[in-house]
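Everything below concerns the one structure shown next.
The values are calculated or read from the model by the stated rules, or taken from the named source; none is laboratory data. Please read these numbers as outputs of a predicted model, since none were measured by experiment. We place every Cβ from the backbone using ideal geometry, glycine too, and count neighbours over all the protein chains shown.
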Amino acid sequence: GAVVSQHPSWVICKSGTSVKIECRSLDFQATTMFWYRQFPKQSLMLMATSNEGSKATYEQGVEKDKFLINHASLTLSTLTVTSAHPEDSSFYICSARDTGGKYNEQFFGPGTRLTVL
Amino acid sequence: AQSVTQLDSQVPVFEEAPVELRCNYSSSVSVYLFWYVQYPNQGLQLLLKYLSGSTLVKGINGFEAEFNKSQTSFHLRKPSVHISDTAEYFCGRGFNKFYFGSGTKLNVKP
């Protein structure tokens with residue numbers, strides 16, 4: 001299957017700072033990428049859908065000004081957690097979908113563990 | 001709203017025993033269901049999916065699931081588990097946007 005990478009795999013930051021997480025599709029072009037958040041012992045919750053060249057679509061209850069998403073190329077989407085606070089500590093997972101190629105499913109990255117002190 | 005319920009948060013089982021992980025979904029006109037597995041420190045990996053056709057879906061690693069419309073269920077089964085099957089399993093639904101259940105941790109004991 002296709003490979004999706006995330007960077008960094010883990011990050012610790014101070015409260016009030018911003019953190020950028022990258023999601024890359026390594027061997028296919030992803031017109032659509034998705035960002036999820038996973039709390040301990042809970043499921044993945046879809047945060048937003050990122051479409052290349054257009055604004056992201058956020059799920060209800062997700063603050064778009066806090067979680068900035070940019071999908072500037074067909075292989076890269078970034079999630080920036082602005083002015084992070086301890087409650088933003090979580091596991092963030094991205095997935096990428098190749099709607100035009102031989103794959104028509106979502107491929108998931110390994111996740112990024114964010115800890116805000 | 002589209003929802004998926006995984007009834008068991010943890011399932012302990014001995015090696016070589018059969019296992020069933022339960023999943024129920026809220027009914028709707030069209031249903032696209034799947035199971036993903038998450039091994040420690042790894043990304044989610046697709047086990048199997050159902051969109052239409054045969055209600056018995058075979059996936060990777062010897063897993064299978066049966067779509068039951070009357071019961072609104074999509075339970076995952078394996079006739080004989082291995083230690084290496086220890087992982088967290090997520091049932092979900094959706095075609096473009098995915099919605100996941102709360103996950104079931106399968107713990108295979110020797």
**Message:** If I go through the range B:23-45 residue by residue, how many of them are surrounded by fewer than 17 Cβ atoms within 10 Å (Cβ to Cβ) and within 20 Å of B:Gln10 (Cα to Cα)?
**Reply:** 5
**Asked** Which of the residues spanning the range B:66-97 are closer than 27 Å to A:Met33 by Cβ, without any contact (Cβ under 8 Å) to a residue 40 or more places away in the chain and surrounded by 12 or more Cβ atoms within 10 Å (Cβ to Cβ)?
**Response** B:Lys97
**Asked** Is there any pair linking a residue in the range B:1-21 that is assigned to a loop (DSSP other than H, G, I, E, B) to one that is surrounded by 14 or more Cβ atoms within 10 Å (Cβ to Cβ) and modelled with pLDDT under 95, with Cβ under 6 Å and at least six apart or on different chains, and which?
**Response** B:Gln2/B:Arg93; B:Gln2/B:Tyr99
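Does the range A:81-94 include one or more residues that are within 10 Å of chain B (Cβ to nearest Cβ) and not aliphatic (A, V, I, L, M)? Can you show your working first?
The initial filter retains those residues of the range A:81-94 that are within 10 Å of chain B (Cβ to nearest Cβ), namely A:93-94.
If we keep only those that are not aliphatic (A, V, I, L, M) too, we end up with A:94.
Yes, the range A:81-94 has at least one match.
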**Request:** Pick out the one residue from A:Val81, A:Val62 that is among the aliphatic types (A, V, I, L, M), surrounded by fewer than 18 Cβ atoms within 10 Å (Cβ to Cβ) and in contact with a strand residue (DSSP E or B) (Cβ under 7 Å, 6 or more places away or on another chain).
**Result:** A:Val62
**Asked** Would you pick out the residues in the range B:33-55 that are more than 18 Å from A:Ala2 (Cβ to Cβ) and modelled with pLDDT under 95?
**Response** B:Leu33, B:Pro40, B:Asn41, B:Tyr50, B:Leu51, B:Ser52, B:Gly53, B:Ser54, B:Thr55
**Scan of the range B:38-64 for residues that are in a strand (DSSP E or B), closer than 16 Å to B:Leu106 by Cα and more than 11 Å from chain A (Cβ to nearest Cβ), ordered by number** = B:Leu47, B:Glu64
**Prompt:** Of (1) in contact with a Gly (Cβ under 6 Å, 6 or more places away or on another chain); (2) at pLDDT below 90, B:Ser30 satisfies all except one. Which?
**Reply:** (1)
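Would you call A:His71 more than 10 Å from chain B (Cβ to nearest Cβ), in contact (Cβ under 8 Å) with a residue 40 or more places away in the chain, more than 16 Å from A:Asp88 (Cα to Cα) and surrounded by 13 or more Cβ atoms within 10 Å (Cβ to Cβ)?
Criteria not met by A:His71.
In the range A:13-28, is there at least one residue being within 13 Å of chain B (Cβ to nearest Cβ), buried (at least 22 other Cβ atoms within 10 Å of the Cβ) and modelled with pLDDT under 95?
Of the range A:13-28, the ones within 13 Å of chain B (Cβ to nearest Cβ) are A:23-26.
From the residues that got through so far, the ones that are buried (at least 22 other Cβ atoms within 10 Å of the Cβ) too are A:23, A:25.
Remaining after also requiring modelled with pLDDT under 95: A:25.
Within the range A:13-28 (the criterion being within 13 Å of chain B (Cβ to nearest Cβ), buried (at least 22 other Cβ atoms within 10 Å of the Cβ) and modelled with pLDDT under 95), the answer is yes, since at least one residue qualifies.
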**Message:** Looking at the structure I just gave you, is B:Phe67 under 13 Å from B:Phe34 (Cβ atoms), out of contact with any Lys or Arg (no Cβ under 8 Å at 6 or more places or on another chain) and more than 14 Å from chain A (Cβ to nearest Cβ)?
**Reply:** yes
**Message:** What's the number of the only condition in (1) β-branched (Val, Ile, Thr); (2) away from chain B (no Cβ under 14 Å); (3) not in a strand (DSSP E or B) that A:Thr115 fails to meet?
**Reply:** (3)
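Taking the range B:86-110 as the search range and keeping residues that are of a type in the set (D, E, K, R) and touching an Asp or Glu at 6+ places or on another chain (Cβ under 9 Å), which one is farthest from A:Gln106 (Cα to Cα)?
So the first thing to find is which residues in the range B:86-110 are of a type in the set (D, E, K, R), and the list is B:88, B:93, B:97, B:105, B:109.
If we keep only those that are touching an Asp or Glu at 6+ places or on another chain (Cβ under 9 Å) as well, we get B:97, B:105, B:109.
Details: B:Lys97: 9, B:Lys105: 22, B:Lys109: 31 Å.
The residue in question is B:Lys109.
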